[in-house]
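Report on one structure; see the data block that follows.
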Amino acid sequence: MAGQTLKQIAESWSISLEEAGKRLMPAGAIYYNMDEKDVQRVLRYPLTMVGSDGLPNDPMPHPRLWGAFPRVLGHYSRDEQLFPLTEAVHKMTGMSAARFQLADRGLVKCGYFADLVLFDPQTVRDVASFSDPQQPAAGIEAVMVNGVMSYDQSQTIIGRAGRFLRR
């Protein structure tokens, strides 16, 4: 049923929207209930951290799985100028590492794990869409995870050095 609206699913099964919803449970879904002005107000708040709750095993994930961070860097920081680029990066790195007590993470510092993203601030942007959600962001040139080159401009996954983090 991935990629269809609840209405389309209900019609294909010749049942009500409510019955279709019950029949699908448990299931993931994309809800369209956020107001852009509210999103901007929340992002401006100094203690707001940036993350994503996208589900990587979903066949049609929410576009934010691939685009949450580039959207903040490109759209909200560069284009909308809600906050400087340094604050955008801090909201998704150092601030969250400190809040969740992740030792030796979130900062570029001697002795810390090298989790780094090389991006062009002028071109970084999310390109994932609801119809084509699994699209790598524009403007990201390389990614290192725990000091291992994991992604480069050829859009090739080179290595997988990530691991589960415990507090």
Which far-off residues, 5 or more places away or on another chain, put their amide H under 5 Å from the one on ALA138, with H placed in the peptide plane? ARG125, VAL127
Per DSSP, loop chymotrypsin sites (Phe, Trp or Tyr not before Pro) in the stretch 98-151 with at most 14 further Cβ within 10 Å: PHE100, TYR112, PHE130
In the stretch 1-110, which trypsin sites (Lys or Arg not before Pro) are in a loop and have at most 16 other Cβ atoms within 10 Å, using DSSP for the loop call? LYS109
What full-extension length gain, to one decimal in nm, is calculated for GLN122 and ILE158 as 0.36 nm per residue of separation minus the Cα-Cα distance? 10.4 nm
Within the accessible area of the chain, what % is carbon and sulfur when the probe is 1.4 Å and the other protein chains stay in place? 55
For the chain, take every pair of Cα atoms, bin their distances at 10 Å starting from 0, and report each bin as a whole percent. 9, 30, 34, 18, 8, 1, 0
Work out how much length GLU80 to THR5 would gain on full extension: take 0.36 nm times their residue separation and subtract the Cα-Cα distance, in nm to one decimal. 23.9 nm
Over the chain, average the accessible area per residue using a 1.4 Å probe and give it in Å², no decimals. 69
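The values are calculated or read from the model by the stated rules, or taken from the named source; none is laboratory data. Source: prediction; values computed, not measured. Reconstructed Cβ throughout: ideal geometry from the backbone, glycine too, with neighbour counts over all protein chains shown. Note: accessible area is taken over every heavy atom of the protein model, side chains too, but ligands, DNA and RNA are not part of it. Shrake-Rupley method; radii C 1.70, N 1.55, O 1.52, S 1.80 Å.
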